[in-house]
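Below is one structure; the comments refer to it alone.
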Amino acid sequence: PTDIEIQAWDNDVVYLVNDKKAVQSQIYFGVNGKTVTEQDRSVSRAYNKYFGRGMSSIIFQEIREFRSLAYSSSGSYRTNFYNNKNGYFSGYIGCQADKSLEAISIFKDLTLNMPEKPERLGQIKSGLIKSINANRPSFRIFPSRVSNWIKQGYMDDPRKEQVSFYEHMSFDDIVNFQKDNIAGRPMVITLLTDTKQVNSEELSQFGKVITLKKKDILN
């Protein structure tokens with residue numbers, strides 16, 4: 001497997017693409033993380049479940065449920081196939097064009113200044129362990145699954161160590177992971193929308209605005 005290297009960036013940037021036919025704004029967020037270790041893989045799954053995946057996540061509740069700012073929203077930390085490669089945060093919002101600025105502002109603040117709700121830890125640990133137990137490979141998938149584990153350097157099912165980690169994990173593990181890999185780091189935002197409904201000057205508060213055309217990004 002070949003890991004695609006994510007381009008690094010040093011400053012906040014907003015890439016803006018105008019589509020006068022766009023009914024919704026399609027907004028993506030990116031933050032470069034640090035080099036991934038084996039423990040990071042386990043913690044990142046706990047962070048994803050807490051922060052950006054599922055109906056009980058921070059992003060879903062704050063963006064969609066409490067404020068009704070988006071039709072869909074998510075966020076997760078991505079790791080490559082191999083360790084010792086840089087991970088990255090990837091987020092998404094699909095919302096009405098006239099709600100774009102507010103949605104971006106709240107999403108960015110939540111991502112970089114993650115709310116801490118340690119009372120959710122028990123639910124997170126239980127969910128992660130149950131998902132591992134329920135995800136036994138079928139006989140058709142088993143050979144390729146084992147082959148990939150061998151390529152990654154494992155000599156046994158790595159999920160055994162993950163379960164052990166989750167059983168003893170603390171909420172500080174999630175908090176420290178977010179601080180090390182996401183908090184205080186520059187963010188790149190890409191926005192495809194009808195620019196007549198979004199004030200491009202106000203977008204500059206989120207970083208340098210670079211306007212692109214579809215032909216710049218599509219073959």
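The values are calculated or read from the model by the stated rules, or taken from the named source; none is laboratory data. Computed from a predicted structure; not experimentally measured. Cβ placement follows ideal geometry from the backbone for every residue including glycine, while neighbour counts extend to all protein chains displayed. Only protein heavy atoms, including side chains, enter the accessible area calculation; ligands, DNA and RNA are left aside. Shrake-Rupley method; radii C 1.70, N 1.55, O 1.52, S 1.80 Å.
Some points to look at:
- For segment 55-72, filtering for residues that are in contact (Cβ under 8 Å) with a residue 12 or more places away in the chain and exposed (fewer than 15 other Cβ atoms within 10 Å of the Cβ) leaves 4.
- Hits in segment 1-25 (condition: open to solvent by 60 Å² or more (accessible area, probe 1.4 Å) and within 17 Å of Ile93 (Cα to Cα)): Tyr15, Asn18, Val23, Gln24
- Filtered residues of segment 44-53 (kept if open to solvent by 50 Å² or more (accessible area, probe 1.4 Å) and either free of Cβ contacts under 8 Å to residues at least 24 places away in the same chain or touching a Ser or Thr at 6+ places or on another chain (Cβ under 6 Å) (or both)): Arg53
- Number of the exception - Thr79 against (1) β-branched (Val, Ile, Thr); (2) more than 14 Å from the chain's Cα centre (by Cα); (3) open to solvent by 20 Å² or more (accessible area, probe 1.4 Å): (2)
- Of the listed requirements (1) under 21 Å from Lys179 (Cβ atoms); (2) in a strand (DSSP E or B); (3) at pLDDT 95 or above; (4) not aliphatic (A, V, I, L, M), Tyr50 misses just one: (2).
- Residues (assigned to a helix (DSSP H, G or I) and surrounded by 12 or more Cβ atoms within 10 Å (Cβ to Cβ)) located in segment 132-144: Ile132
- Residue match in segment 194-204 (condition: open to solvent by 100 Å² or more (accessible area, probe 1.4 Å) and either more than 23 Å from Val31 (Cα to Cα) or not small (Gly, Ala, Ser) (or both)): yes
- The listed residues are Leu212, Leu218, Leu192, Leu203, and the only one of them that is aliphatic (A, V, I, L, M) and without any contact (Cβ under 8 Å) to a residue 12 or more places away in the chain turns out to be Leu218.
- Total residues in segment 147-175, condition open to solvent by 80 Å² or more (accessible area, probe 1.4 Å) and touching a residue at least 24 places away in the same chain (Cβ under 8 Å): 3
- The sole residue among Gly91, Gly75, Gly33 that is within 23 Å of Pro158 (Cβ to Cβ), touching a residue at least 40 places away in the same chain (Cβ under 8 Å), small (Gly, Ala, Ser) and not in a loop (DSSP other than H, G, I, E, B) is Gly33.
- Pick from segment 198-219, criterion among the hydrophobic types (A, V, I, L, M, F, W, C) and at pLDDT below 90, ranking: nearest to Asp109 (Cα to Cα): Val198
- Flag for Arg41 being open to solvent by 60 Å² or more (accessible area, probe 1.4 Å) and in contact with a helix residue (DSSP H, G or I) (Cβ under 9 Å, 6 or more places away or on another chain): no
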